[in-house]
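Report on one structure; see the data block that follows.
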Amino acid sequence: MPTVYFVVPCYNEEEVLPETIKRLTIKLAKLIKTGKASVDSRMIFVDDGSKDKTWEIIEQFHQENRFVGGVKLSRNRGHQNALLAGLMTAKKHCDCAISLDADLQDDIEVIDQFIDKYNEGCEVVYGVRSNREKDTAFKRGTAQGYYKFMAMLGVDIVYNHADYRLMGKRALDALAEYKEVNLFLRGIVPLIGYKSDYVYYERNERFAGESKYPLKKMIKFAVDGITSFSVKPLKIISNIGIIMCLLSVIFFIYAIISFFSGSSVAGWASIMCSIWFLGGLQMLCIGIVGTYVGKIYSEVKQRPRFTVDKTIINTESKKE
Ligand code: UDP
Ligand code: MG
């Protein structure tokens, strides 16, 4: 049976933490009792530079409850980085790690299914929301529009999956190879590969406290996701440039006709033609520069070029 680690990033979560720790302890105890998780299983709470009593609470629970562990970041680095810090700590001790939010909006009862899939050989199990009725209309609309937009840009992300997922040790080792600073785990994990599966669950409301993702952070996160995984916006610039150049030809013909039919003011035709043509040319040039910038960007990220799943080589030399 696997050693399972729960990884929970926490930012100013003093209102929910005691209850969350209580519920997760019960869950973990049940998993151990039913033989789904080993006795070495733990939960790690990552304090993402909270300004309230979050760390004190984690320390206090750690003293009375051997299942509770903590990692304290030196300052607020954001949800994704806090999560990565937790996963990289868990990786040293666990067979698989499950990441979840401190507010327990994600139904912890499906953890059993996560572990079942892991036992069936999945390295990654994605938690997918079966509905979003409990989200505000705004959050639901923007989030779903975003997933569709990302798919359009050619980014491989799992629809309606947030960061509730199980990752096996091999997947975690592969994740450690991704050195990029602008982290967008939802985009990286599908890149890792290995056998994966989905588990569906209903998302609840936050039981206390308020969202630590204000609009500003949400927008930054969304833009990060796009710009870290897609260079299509740069290609769009080149395409607009080409279209404008083509349009300038049509305009050129139109201007010449107007000029000869005498229906235009002197100088108008030549000015209009140059504006369109030069505009298009400039766009195209920016697009070309952008293509190189895009290449530099993907080189700089130094992502691993492959992750090996299995190797079968017979290295013994034949003695006959
Ligand atoms: N979080 C974090 N650092 C931050 C912001 C959020 O570690 O800078 C954590 C937060 O404590 C929670 C998780 O990220 O465990 C998700 O945040 P929240 O529930 O507020 O987001 P929402 O569910 O509203 O999208
Ligand atoms: Mg939440």
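The values are calculated or read from the model by the stated rules, or taken from the named source; none is laboratory data. All figures in this text were calculated on a predicted structure; none of them were measured in a lab. Heads up, the Cβs are rebuilt from the backbone with ideal geometry, glycines too, and the neighbour counts pull from every protein chain shown. Calculation scope for accessible area: heavy atoms of the full protein, side chains included, ligands and nucleic acids excluded. Shrake-Rupley method; radii C 1.70, N 1.55, O 1.52, S 1.80 Å.
Here is a check on your reading of the model: is Arg75 modelled with pLDDT under 90 and assigned to a loop (DSSP other than H, G, I, E, B)? Yes, satisfied.
So which residues in the range 72-102 are open to solvent by less than 10 Å² (accessible area, probe 1.4 Å), in contact with a Phe, Trp or Tyr (Cβ under 7 Å, 6 or more places away or on another chain) and more than 10 Å from ligand 1 (Cβ to nearest atom), if there are any at all? Those that are open to solvent by less than 10 Å² (accessible area, probe 1.4 Å), in contact with a Phe, Trp or Tyr (Cβ under 7 Å, 6 or more places away or on another chain) and more than 10 Å from ligand 1 (Cβ to nearest atom): Ala90, Cys94, Cys96, Ala97, Ile98. Consider the range 180-192 and keep the residues that are assigned to a helix (DSSP H, G or I) and in contact (Cβ under 8 Å) with a residue 24 or more places away in the chain. The one that is surrounded by the most Cβ atoms within 10 Å (Cβ to Cβ) is Val189.
Here's the yes/no breakdown for (1) under 30 Å from Glu14 (Cα atoms); (2) touching a Gly at 6+ places or on another chain (Cβ under 8 Å); (3) modelled with pLDDT under 85; (4) more than 16 Å from ligand 2 (Cβ to nearest atom):
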| position | (1), (2), (3), (4) |
| --- | --- |
| Leu172 | yes, no, no, yes |
| Leu191 | no, no, no, yes |
| Gly209 | yes, no, yes, no |
| Pro214 | yes, no, yes, no |
| Thr227 | no, no, yes, yes |
| Ile250 | no, no, no, yes |
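Within the span defined as the range 149-160, one or more residues are among the acidic types (Asp, Glu) and within 17 Å of the chain's Cα centre (by Cα).
Within the range 7-15, is there a residue that is touching a residue at least 24 places away in the same chain (Cβ under 8 Å) and out of contact with any helix residue (DSSP H, G or I) (no Cβ under 8 Å at 6 or more places or on another chain)?
To start, the set of residues in the range 7-15 that are touching a residue at least 24 places away in the same chain (Cβ under 8 Å) comprises 7-15.
Going one step further and asking which of them are out of contact with any helix residue (DSSP H, G or I) (no Cβ under 8 Å at 6 or more places or on another chain), we end up with 15.
Within the range 7-15 (the criterion being touching a residue at least 24 places away in the same chain (Cβ under 8 Å) and out of contact with any helix residue (DSSP H, G or I) (no Cβ under 8 Å at 6 or more places or on another chain)), the answer is yes, since at least one residue qualifies.
Counting only residues that are within 16 Å of ligand 2 (Cβ to nearest atom) and open to solvent by 40 Å² or more (accessible area, probe 1.4 Å), the range 193-202 holds 1 of them.
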